[in-house]
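The values are calculated or read from the model by the stated rules, or taken from the named source; none is laboratory data. Here the structure is a predicted model, which is why all the values come from computation and not from measurement. Here the Cβ is made from the backbone with ideal geometry for all residues, glycine too, and neighbour counts use every protein chain on show. Please note that ligands, DNA and RNA were not included when accessible areas were found on the heavy atoms of the full protein model with its side chains. Shrake-Rupley method; radii C 1.70, N 1.55, O 1.52, S 1.80 Å.
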Amino acid sequence: MAENELASVSQRHRVGLFSVGLDTYWGQFNGLKDRLESYNQTIAARLGASGADVLNLGMIDCPEKAAAAGHAFRQGDVDLIFLHVATYALSSTVLPVVRRAKVPVILLNLSPQAAIDYAAFNAMKDRTAMTGEWLAHCQACSVPEISNVFRRCGIDFHQVTGLLDDSDSAWAEIADWLAASRVAHAMEHNRMGIMGHYYSGMLDIYSDLTLQTKVFGTHVEIVEVDELSALRREVGDGQILGRMEQIRSAFDVQPDCSEAELARAARTSVALDRLVWQYRLGSLAYYYKGTGIAENEDAISSIIVGNSLLTARGIPVAGEFEIKNVQAMKIMDCLGAGGSFTEYYANDFADDVILMGHDGPGHIAIADGKPKVRPLGVYHGKVGSGLSIEMSVKHGPVTLLAVAEDGKGSLKLVVAEGESVPGPILEIGNTNSRYRFPIGARAFMQEWNREGAAHHCAIGVGHKHAHLAKLAALLGIECVRVC
């Protein structure tokens, strides 16, 4: 198998599906197996319609089939298994499947109808046929047995209870599990670049890289600022002019931006794209003082516009070497929510909002209007000067996400849902938005800070707690909802 073929196979998000029943029933109750298998096909079709690549093993009704199914799911490299309880089934028919597959399990307790038609049922003359009809609605019977065995065997599982009908709320929950699984898969196959070093003294952002790989599966690629500087030398005039036009198209370039600064940012942007392509990066965290070597300082002080373009393309870039936060940004982007780098700016207690933003790159795909490019005579707290991005996040529902260390040797997700609201911002050439939270600004700050997140977080559009809680469950970490 060629290398590119191997990569495409290993990076495909796939979910497993199987239904369970009892083989003893099939000879006793005519048509029961066919009916239950039709339920299985309905579920498979709906999972597939959501975009999932589904490995459906159909009806597993005896321990022998269960053992073979466990091997098949493992060989099929599924990320998640949906276990559809079609009727009563022995737990010995279920355990071998999930024990060998060793992936998260979603137990589907889905009834074919909201209620049995009792009058029609009781009017049936054949008691054997009545029993068969009852068994077609008997999926809840073995759920406690299966759950008991899973708990005793230390197998993590989650439940969805509802109806087979696609209008039932259970299907929204199933969609959330699929979305969370896609994010977990993307994070496991992401290549995160880290370039430079930490901002000296910013202790809260120092990270355990091995822990990041342990929890998310992310590959960490260490790259050098010198490489970016070397790539800048290879950028031609035509590439610079082309990138300048792209920048003018994506941004509202302010009149006080000089052509020289715009060309400098364009050169770095082209080189940065090359660096990302060279290492196949899906995200990047960086910081570099840039003192002593003029070429490196020139690269780092002109990097913000290129970072913003990358972030908008689904390759988030976090400054200040914020590894935990670039992970949060990537998660939000995988959910289609954006994921812009942010921190507290100021309180507006008169309007009960918090101003939040950050210097440097922003996720321009979630901007309220066209982001502005402004020149800054100084990058506060950093070396150099150059162009920066000024933008606000779209008005409407938003979610804040922080990846934080939990103090117990693992990570946790800290989540808050709020709203981006209109009003005056600080027009200082940075990203800047006004956020209102349902518990109020004072309570939000205290509760958020209590969870020990670093002073950076990722902001995304929409309310995403339901997805993030399920992602945390799949990863085996805690998800704390502040509001």
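Computed quantities for the displayed model
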item	result
Search result, residues across region 253-278 that are open to solvent by 20 Å² or more (accessible area, probe 1.4 Å) and either touching a Cys at 6+ places or on another chain (Cβ under 9 Å) or outside any helix (DSSP H, G or I) (or both)	Val253, Gln254, Pro255, Asp256, Ser258
Hey, Leu241 surrounded by 18 or more Cβ atoms within 10 Å (Cβ to Cβ), assigned to a helix (DSSP H, G or I) and of a type in the set (A, V, I, L, M, F, W, C) or not	no
Total residues in region 345-365, condition of a type in the set (Asp, Glu), modelled with pLDDT of 90 or more and crowded, with 19+ Cβ neighbours inside 10 Å	0
Subset of region 297-337 (residues that are more than 16 Å from Val276 (Cβ to Cβ), of a type in the set (Val, Ile, Thr) and under 12 Å from the mean Cα position of the chain (by Cα))	Ile331
Selection from region 163-185 of residues that are under 23 Å from the mean Cα position of the chain (by Cα), open to solvent by less than 30 Å² (accessible area, probe 1.4 Å) and among the aliphatic types (A, V, I, L, M)	Ala170, Ile174, Leu178, Ala179, Ala180, Val183, Ala184
Enumerated strands (runs of 3 or more DSSP E) restricted to region 78-178, each holding at least 1 residues that are more than 19 Å from Arg46 (Cα to Cα)	157-163
Tally, over region 285-305, of residues that are farther than 11 Å from Gly196 by Cα and in contact with a strand residue (DSSP E or B) (Cβ under 8 Å, 6 or more places away or on another chain)	5
Entirely in region 401-483, the strands (runs of 3 or more DSSP E) that have 3 or more residues that are open to solvent by less than 10 Å² (accessible area, probe 1.4 Å)	411-421, 431-436, 457-461
Filter result (open to solvent by 50 Å² or more (accessible area, probe 1.4 Å) and either in contact with a Leu (Cβ under 7 Å, 6 or more places away or on another chain) or acidic (Asp, Glu) (or both)) within region 30-41	Asp34, Glu37
Which listed residue, of Leu209, Leu281, is buried (at least 17 other Cβ atoms within 10 Å of the Cβ) and among the hydrophobic types (A, V, I, L, M, F, W, C)	Leu281
Filter result (open to solvent by 30 Å² or more (accessible area, probe 1.4 Å) and within 22 Å of Val97 (Cβ to Cβ)) within region 118-148	Ala140, Cys141, Pro144, Glu145, Asn148
Residues (open to solvent by less than 60 Å² (accessible area, probe 1.4 Å) and either farther than 21 Å from Asp406 by Cβ or of a type in the set (Ser, Thr, Tyr) (or both)) located in region 214-228	Thr218, Glu221, Val223, Val225, Glu227, Leu228
Set His137, His158: member being in contact with a Pro (Cβ under 8 Å, 6 or more places away or on another chain) and within 30 Å of Ala454 (Cβ to Cβ)	His158
Flag if Ala72 is open to solvent by less than 50 Å² (accessible area, probe 1.4 Å), over 16 Å from Leu164 (Cα atoms) and without any contact (Cβ under 8 Å) to a residue 24 or more places away in the chain	yes
Count of residues meeting criterion [in contact (Cβ under 8 Å) with a residue 60 or more places away in the chain and open to solvent by 10 Å² or more (accessible area, probe 1.4 Å)] in region 313-323	2
Some residue of region 279-291 being over 18 Å from Gly362 (Cβ atoms), among the charged types (D, E, K, R) and part of a helix (DSSP H, G or I)	no
So Pro375, is it more than 16 Å from Gln327 (Cα to Cα), part of a strand (DSSP E or B) and out of contact with any Gly (no Cβ under 6 Å at 6 or more places or on another chain)	yes
Matching residues, region 325-342, being over 16 Å from Gly357 (Cβ atoms) and either open to solvent by 10 Å² or more (accessible area, probe 1.4 Å) or in a strand (DSSP E or B) (or both)	Lys330, Asp333, Cys334, Leu335, Gly336
Test result for Gln113, within 22 Å of Phe29 (Cα to Cα) and open to solvent by less than 40 Å² (accessible area, probe 1.4 Å)	no
Pairs, first touching a residue at least 60 places away in the same chain (Cβ under 8 Å) in region 276-292, second among the hydroxyl-bearing types (Ser, Thr, Tyr), C-beta under 8 Å, six or more apart	Tyr287/Tyr198; Tyr287/Tyr199; Gly290/Ser301
